[in-house]
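J.: Pasting in a structure now, in structure tokens, and then I'll have a few things to ask.
The values are calculated or read from the model by the stated rules, or taken from the named source; none is laboratory data. Everything quoted here is computed from the prediction, not taken from an experiment. Cβ coordinates were reconstructed from backbone atoms using ideal geometry, including for glycine residues, and neighbour counts include every protein chain displayed.
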Amino acid sequence: MAGADDGGREPRSRLKSLIIQLRHALPVAGAFIALLVIWQAVTRLAGIPDYVLPSPTQIAGAISDEWRQLLVNAAVTFAEATAGFVLSIVVGIPLGVAIVYSRWLDRVLYPLLVASQSIPKVALAPIFVVWFGFGLLPKVLIAFSIAFFAIVVNTVVGMKRAPVEMIHLMRSFGATRMQIFLRVRLPVAAPYIFAGIKISATFAVVGAIVGEFIAASSGLGYLQLIANNNFQIPLLFGILVLLSVMGGVLYGLVVLLEWMVLPTPLRTVRADEAGATL
């Protein structure tokens, strides 16, 4: 009966957690709507021209007029960002685990990774284009180079937060390194890892746009350059709206996956808290 009660409590606790998160989102939605109303009123009353600051209705009109073109280019950027994002997860988490379990990697590779973050990723974009051409690959690699570091750092931090006493206790009972990893280190590190993935979700979109600024014939970054050259400022802002939505979608998918995978007590590390380790 106790097992049945626990099985029933877990879905209820998850549902309660979701309701609380939705309640927290209501003030944000209200503030966003208020910002749009103020923005619309200021641009109308002050007579600000659209080439300086278009109103929300003008931006919405530009999106409505160019929705086909925006949709096609958004699909390209989303594919680039998603591929770079997935690659950062596939490489970042195992690399973080390897750094924790290898003193050599911790002492040699980890400092090099930290030092590499001082290199502006925009400077790497032309090099990637020379090496890999003008196709999809250089944009994916740029998105990966920007996104993966947050995952590596948060994985390392989370793995090192495992209680030493618990590890010693597991060893005293004859537990293998894999058992300690699965039952101690990974559960403790999971919220940190998800926090790093959330940060990387938005960074991947930035990386895709950076790559498109350097060399591309499609994508929202490429369309942004065209709109800027043609002085289509409402369309320029419309592209920014789509990029924000794209980053929000990737972030929301990670939050949904975290909500499905992690028990409620483990979801204690927020992205801003773990992001402070960066």
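J.: Of the conditions (1) modelled with pLDDT under 90; (2) in a helix (DSSP H, G or I); (3) of a type outside the set (Ser, Thr, Tyr), Ala74 fails just one. Which one is it?
T.: Exception for Ala74: condition (1).
J.: Here's a follow-up. Just checking, does region 120-142 include any residue being assigned to a loop (DSSP other than H, G, I, E, B), within 20 Å of the chain's Cα centre (by Cα) and without any contact (Cβ under 8 Å) to a residue 12 or more places away in the chain?
T.: Scanning region 120-142 turns up at least one residue that is assigned to a loop (DSSP other than H, G, I, E, B), within 20 Å of the chain's Cα centre (by Cα) and without any contact (Cβ under 8 Å) to a residue 12 or more places away in the chain.
J.: Next up: Among residues belonging to region 168-218 that are of a type in the set (Ser, Thr, Tyr) and without any contact (Cβ under 8 Å) to a residue 40 or more places away in the chain, point out the one that is farthest from Gly247 (Cα to Cα).
T.: Across region 168-218, the extreme among qualifying residues is Ser172.
J.: For Ala162, which of the numbered conditions (1) assigned to a helix (DSSP H, G or I); (2) over 23 Å from the mean Cα position of the chain (by Cα); (3) farther than 17 Å from Gly207 by Cβ fails to hold?
T.: With (1) assigned to a helix (DSSP H, G or I); (2) over 23 Å from the mean Cα position of the chain (by Cα); (3) farther than 17 Å from Gly207 by Cβ applied to Ala162, the lone miss is (1).
J.: Considering only region 57-73, state which residues are touching a Leu at 6+ places or on another chain (Cβ under 6 Å) and within 16 Å of Gln40 (Cα to Cα).
T.: Ala62, the sole residue that qualifies.
J.: Give, as residue ranges, the helices (runs of 4 or more DSSP H) completely inside region 174-241 that count at least 3 residues that are in contact with an Asp or Glu (Cβ under 8 Å, 6 or more places away or on another chain) and buried (at least 24 other Cβ atoms within 10 Å of the Cβ).
T.: Of the helices (runs of 4 or more DSSP H) lying wholly inside region 174-241, those with at least 3 residues that are in contact with an Asp or Glu (Cβ under 8 Å, 6 or more places away or on another chain) and buried (at least 24 other Cβ atoms within 10 Å of the Cβ) span 186-214.
J.: Out of all the residues in region 164-173, which are surrounded by 11 or more Cβ atoms within 10 Å (Cβ to Cβ) and under 19 Å from Ala98 (Cα atoms)?
T.: Answer for region 164-173, where residues must be surrounded by 11 or more Cβ atoms within 10 Å (Cβ to Cβ) and under 19 Å from Ala98 (Cα atoms): just Ile167.
J.: Considering (1) among the aliphatic types (A, V, I, L, M); (2) over 22 Å from Ser64 (Cβ atoms); (3) at pLDDT 90 or above, say which one Met246 fails and leave the rest.
T.: Just one mismatch for Met246, condition (2).
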